[in-house]
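Quick notes on the structure that follows.
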Amino acid sequence: MEMLTVLLVVIPLISAPITAIIANRYVAWLITLVTCLALAGLSGVVLHHVISGEVIHYELGGWKPPWGIEYVIDSLNALVAVIVAFIALITVIYGSKSAEKEIHDSQIHLFYAAFQLVILGLLGMALTGDIFNLFVFLEISSLSSYALIAMGQKRQALVASFNYLMAGTLGATFFLLGIGFLYAASGTLNMADIALRFDQFSSMTLVITALLFILIGLALKAAVFPLHSWLPEAYTQAPTMVTVFLASTSTKVAIYVLIRTLYQVFPNTYWEEMLLPGFLLLSGCLGMLYGSYKAIRQVSIKRLLAYSSVAQLGYMVVGVGLNNEAGLIAAIVHMFNHAITKAALFMAAGLVLMRLHTTNLEKLRGAGKTMPWTTGAFALAGLSLIGVPGTAGFISKWYLVQAALEKGNYVVAGTILIASIMAIMYVWKIIETLYFEGPDKLTVHKVGSGKEIVPDLPVATFCCYVMVATCFYFGLYTDIPLEAANTAVEVLFSTGGGQ
Amino acid sequence: MSDSLILRVVTKWLVPVILLFALYVQFHGDYSPGGGFQAGVIFSSAFLLYALVYGVDATTRVLPEAILRIGASLGVLLFAGVGVVSLFKGGAFLNYSVLAGTPVAGQHLGIILIELGVGITVACVMLLLFYTFARTIPPQ
């Protein structure tokens, strides 16, 4: 079992350079697919093993922690690994056509290699128990995602990627400085070891500085309001496949690291008396309102969904900021649910983009009649984004509102409800345009020659519907994410509180 | 700069020396300061010097971009491969002790191979970066 955990990182580490050497797009796609299949299977097995509370330790290189790097897998990071691996798998199946269309032939093997490196980085961030190792994986995933975003079709993709590069580098710098301060105070980089000996150095001012630096770094990476400015453009301009994958995983992994840092590296007894929880709540609530407001005003579906992501990240931050068990469970479950919902929505947006060459709502009037399947996926996944009962989105919002009420924080509970109503507005805006407005004279735009028309994308549509079905499945059967979250939160609160 | 006779001659003399020094840093890295990263940078700097004096085109004829890309990937593969071999031999990932008969010999072998992988990748990536910024030739 221990062996399997390290394979989650080793397999993409080997397959990515092989993909980069073999300059053939079919082989590249096939290698990526096989890699993702293996990773999804492995992560499933690992999650199944640890979901009841067991913890797997793996010592890299045979060096004992705290000196060596150690991978610690509990139900929380196994859940994150499952999200990353399964979304990667479905994205690769979904994206074979779109990547072929959007990426230049000479670059496509490099595209897939970079894609595998992002998976590697995200999985590594999830699995490692060493905070410096975490930084290394953060950089691996970030650097490859800059490259992936820059491969977008339009020239604006370069600007978006450059902005993300700037924000991401700043974030990584803050994070690294924070780690440095923490190391100066504690003398160790192993997260469990830092937590264990936290009382010995917790009185040092350096520790607060470290906490702040790490938090700001992570907030930039996770696009927490008001540090979200790189996100909308990056998601809008990136190639379809990249948007689907990054939107549903990369910020979630950053939120995971935030949770891990706030509850296991720094015990929550340390920061609950500070301004921090209030600040997290404020930033989360403002993020929800601002993201939803901006989403309502967008005319491009991709950008609308991107702003909605900013809002949804607000829910997770609020869950963390509430600092009670229910809130944290809600944050973790929402991480899972939002990943599948956004994957479904961005897949639907990608289908629209591929078939009609635009995601501009003004040009999509009445598209519901000409392409009922694609727009149907939109409507169904939109329900989950709003949080209609019976969908995945409902479960986590329900828990979040409960957690807020448990704390007696009615302002937060009210904000969540207002943001949900705003979510109805922006989802309705799409639905209305697609179904209830008469079509313009032309529904297919910018079609130069016959071969550019993509009439049907059965595989991609199927993948999209798989994700939609997943949204509904996890709305009705919540066992897996909820059990994992419960187990994780129990552990987090016992290690945090019981120092 | 290619018209200066002195520079051309001195470069021809210096390049092999720099390469030799890079290899020294590479293979002496397990006993003394040095290792793959430093060696890779020094190795690539020999080609940088060559490119500065003789031009990028001449350098790409010696080391084409395609080969550099393969080299960069192979270095990573070598690194990961050592880890996988140690996995198959029953140790943890990158546990060099199991690579040879005795742990000491295994550690020795492991670190040399790992550093070689690092060196190859760093040298190739350094040159790729230089080519990308300096080239007037179209991308391949």
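The values are calculated or read from the model by the stated rules, or taken from the named source; none is laboratory data. Bear in mind the structure is a predicted one, so any value in this text is a computation, not a measurement. Note that each Cβ is placed from the backbone with ideal geometry, even for glycine, and that neighbours are counted across all protein chains shown.
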Would you mention how many residues in region A:33-55 are outside any helix (DSSP H, G or I) and either among the aliphatic types (A, V, I, L, M) or modelled with pLDDT of 90 or more (or both)? 2
Does any residue of region A:322-333 turn out to be in a helix (DSSP H, G or I), touching a Pro at 6+ places or on another chain (Cβ under 7 Å) and buried (at least 24 other Cβ atoms within 10 Å of the Cβ)? yes
Cβ-Cβ below 7 Å, separation at least six or inter-chain, first residue in region A:412-425 and within 19 Å of A:VAL320 (Cβ to Cβ), second polar (S, T, N, Q): which pairs? A:ALA419/A:SER292
Among the helices (runs of 4 or more DSSP H) contained in region A:225-276, which hold 2 or more residues that are crowded, with 24+ Cβ neighbours inside 10 Å? A:230-237, A:240-260
For region A:12-28 the number of residues that are more than 9 Å from chain B (Cβ to nearest Cβ) and buried (at least 22 other Cβ atoms within 10 Å of the Cβ) is 3
Taking the condition more than 20 Å from B:PHE88 (Cα to Cα) and in contact with a strand residue (DSSP E or B) (Cβ under 7 Å, 6 or more places away or on another chain), does A:VAL50 pass? yes
For region B:82-140: of the residues being of a type in the set (Ser, Thr, Tyr) and part of a helix (DSSP H, G or I), which is nearest to A:ILE69 (Cα to Cα)? B:TYR96
Residue ID - nearest to A:ILE18 (Cα to Cα), chosen from residues in region B:71-102 that are surrounded by fewer than 16 Cβ atoms within 10 Å (Cβ to Cβ) and of a type outside the set (Gly, Ala, Ser): B:PHE88
Take region A:105-150 and flag every residue that is more than 25 Å from A:ASN77 (Cβ to Cβ), of a type in the set (A, V, I, L, M, F, W, C) and surrounded by fewer than 23 Cβ atoms within 10 Å (Cβ to Cβ). A:ILE108, A:LEU110, A:ALA147, A:ALA150
Any idea which residue in region B:57-69 is nearest to the other protein chains (Cβ to nearest Cβ), counting only those that are surrounded by 18 or more Cβ atoms within 10 Å (Cβ to Cβ) and assigned to a helix (DSSP H, G or I)? B:ARG69
Given the conditions (1) farther than 19 Å from B:LEU23 by Cα; (2) in contact with a helix residue (DSSP H, G or I) (Cβ under 7 Å, 6 or more places away or on another chain); (3) at pLDDT 90 or above, which single one is not true for B:LEU116? (1)
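Conditions (1) at pLDDT below 90; (2) touching a Leu at 6+ places or on another chain (Cβ under 8 Å); (3) among the charged types (D, E, K, R), marked per residue:
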{"position": "A:ALA184", "(1), (2), (3)": "no, yes, no"}
{"position": "A:PHE198", "(1), (2), (3)": "yes, no, no"}
{"position": "A:PHE201", "(1), (2), (3)": "yes, no, no"}
{"position": "A:ILE208", "(1), (2), (3)": "no, no, no"}
{"position": "A:LEU220", "(1), (2), (3)": "no, yes, no"}
{"position": "A:LEU231", "(1), (2), (3)": "no, no, no"}
{"position": "A:MET241", "(1), (2), (3)": "no, no, no"}
{"position": "A:ALA254", "(1), (2), (3)": "no, yes, no"}
{"position": "A:ILE259", "(1), (2), (3)": "no, yes, no"}
Given the options A:SER75, A:SER52, A:SER43, name the one that is surrounded by fewer than 21 Cβ atoms within 10 Å (Cβ to Cβ), among the hydroxyl-bearing types (Ser, Thr, Tyr) and touching a residue at least 24 places away in the same chain (Cβ under 8 Å). A:SER52
If you go through region B:97-109 one residue at a time, do you hit one that is more than 24 Å from B:SER44 (Cα to Cα), at the interface with another protein chain (Cβ under 9 Å from one of its Cβ atoms) and not β-branched (Val, Ile, Thr)? yes
A:MET151: passes all of (1) closer than 30 Å to A:TRP63 by Cβ; (2) within 23 Å of the chain's Cα centre (by Cα) but (1)
Do any residues in region A:478-496 that are closer than 20 Å to A:ASN323 by Cβ and part of a helix (DSSP H, G or I) have Cβ atoms under 6 Å from those of residues that are modelled with pLDDT of 85 or more and of a type in the set (Phe, Trp, Tyr), where the two are at least six apart or on different chains, and which pairs are they? A:LEU492/A:TYR263; A:GLY496/A:TYR263
